[in-house]
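For reference, the structure is listed below as C-alpha cells.
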Amino acid sequence: MDKVQLSIFIETNHPANKSSIARRKPRYGIGSNDAHYITTPMVNGAQLWDPAYMAWVSMLKRAYNPKCHAAQPTYIGVTVCEEWLLFSAFREWWLENYREGWQLDKDILVVGNREYGPKSCIYIPSWLNSFTTDSGASRGEFPIGVCLDKRSGKYRSECCNPITGKRHGLGRFNTPEAAHSAWLKCKLELAAQLKHEIDAIDPRIYPNVVTIIRAAE
C-alpha cells in the first residue's frame, strides 16, 4: 500500500487510549501530537510509523532541531505556522496534498518563504527540489556552478541536468563571473525545456523557478 493508505490503515486499526496519550511529549519542545490513534504502533513485534506523522516530525526537526541546523545552516530561522504545530492539522493537509515519493517544499510557491504552512507548502519531485536548491553552503568561494581548474588555472563551469542527473561541462573561463554566466544561461535553458513538466506539477511554480535561478546572479 502507498503511504496515504498506510496512514489511514494505522488510524483505523490502532485507536489511542489514555495510556498511549499520557506517554506523548512535545516534539522538539513545540509540536503537539493530538492524534486520536497511535501514530507508532507495535505490529507483530515491530514498530510501525505513520508516514504522515513521520513527515510532520521531519518538518519540525528541520525547523527546531539545533543538530539539524549545525548540519544544514539554511534551516536556521525557519519556523512552522501555529496551525501545523498540531499534528492533526498537518495530517489533514497531508492527506490531500501528499504525492508518493515527492518532497515537502516550503519556498517554491512563495519565493524566500521561511515558514512551513498550508498556504506556502507543496509536494514536489526530488529532481525539482534539487534543481532549485542553492548549494551556497557548499560551493565555497566561487559563484554557483563554478570551480577552479588547478591544472589550467581557469574557472570551470558545470550544470547538472535534473532529469538525467548528469553534469554537463560548459567550458573553462578566464574569470569566475564568465563561468557563472555560462552556468546561468544553461540553467535557464534547462528550466525552459522543463516548463511542461513543471507546469504539470503546478502552473504557479515555473515563474518562481526562474526567479530563484536568477537570484543566484
Original post:
List, please: which pairs have Cβ atoms under 9 Å, are six or more places apart or on different chains, and start with a residue in the stretch 102-115 that is under 19 Å from E82 (Cβ atoms) and end with one that is among the aromatic types (F, W, Y) and modelled with pLDDT of 95 or more?
Top reply: L104/W94; L104/Y98; L104/Y116; L104/Y123; K106/Y116
Original post:
Only one of I163, I144 is hydrophobic (A, V, I, L, M, F, W, C) and touching a residue at least 40 places away in the same chain (Cβ under 8 Å); which?
Top reply: I144
Original post:
So which of P15, P41 is touching a strand residue (DSSP E or B) at 6+ places or on another chain (Cβ under 8 Å) and loosely packed, with under 14 Cβ neighbours inside 10 Å?
Top reply: P15
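Take residues that are open to solvent by less than 50 Å² (accessible area, probe 1.4 Å) and out of contact with any helix residue (DSSP H, G or I) (no Cβ under 9 Å at 6 or more places or on another chain) and tell me which of the strands (runs of 3 or more DSSP E) falling wholly in the stretch 82-188 contain 1 or more.
Answer list for the stretch 82-188: 146-149.
The values are calculated or read from the model by the stated rules, or taken from the named source; none is laboratory data. Note that this is a predicted model, so its numbers are computed, not measured. Cβ sites come from the backbone with ideal geometry, for glycine too, and all protein chains shown count toward neighbours. Calculation scope for accessible area: heavy atoms of the full protein, side chains included, ligands and nucleic acids excluded. Shrake-Rupley method; radii C 1.70, N 1.55, O 1.52, S 1.80 Å.
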